[in-house]
Amino acid sequence: MAEGLTLRGLASGGIDISDGLAADLGDLLTQSGCGATVYLERLPLSPALRALDDPDRRRAFALAGGDDNELCFTVPPPQRAMLESRWRGDR
């Protein structure tokens with residue numbers, strides 16, 4: 001919740017991940033007219049998902065699983081430093 005509040009005035013778009021990252025990111029990009037790069041190795045994974053031995057299944061669940069209580073958002077490049085400052089608590 002706290003991270004979400006730091007997005008006020010900085011994020012140009014956002015969505016909760018309820019239909020899976022791939023679907024919700026696609027919706028966000030369509031609406032915003034932006035593009036994205038997804039770094040699979042940086043996705044937050046639950047301990048249960050990390051425990052899967054099959055990397056293809058782990059990747060599929062990470063991209064298509066829903067109700068993850070995560071936010072997907074866009075921040076214009078000039079606002080990135082301000083967002084990172086807020087997350088560090090510099091405000």
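Does any residue of segment 39-55 turn out to be under 13 Å from the mean Cα position of the chain (by Cα) and at pLDDT 90 or above?
Yes, because at least one residue in segment 39-55 is under 13 Å from the mean Cα position of the chain (by Cα) and at pLDDT 90 or above.
Which of the residues belonging to segment 8-52 are within 13 Å of residue 63 (Cβ to Cβ) and touching a strand residue (DSSP E or B) at 6+ places or on another chain (Cβ under 6 Å)?
17, 24, 25
Considering segment 33-65 alone, what residues qualify as being in contact (Cβ under 8 Å) with a residue 24 or more places away in the chain and either surrounded by 14 or more Cβ atoms within 10 Å (Cβ to Cβ) or in contact with a Pro (Cβ under 9 Å, 6 or more places away or on another chain) (or both)?
Answer for segment 33-65, where residues must be in contact (Cβ under 8 Å) with a residue 24 or more places away in the chain and either surrounded by 14 or more Cβ atoms within 10 Å (Cβ to Cβ) or in contact with a Pro (Cβ under 9 Å, 6 or more places away or on another chain) (or both): 62, 63, 65.
Yes or no: residue 70 among the charged types (D, E, K, R), under 15 Å from the mean Cα position of the chain (by Cα) and loosely packed, with under 10 Cβ neighbours inside 10 Å?
no
The values are calculated or read from the model by the stated rules, or taken from the named source; none is laboratory data. Computed from a predicted structure; not experimentally measured. We place every Cβ from the backbone using ideal geometry, glycine too, and count neighbours over all the protein chains shown.
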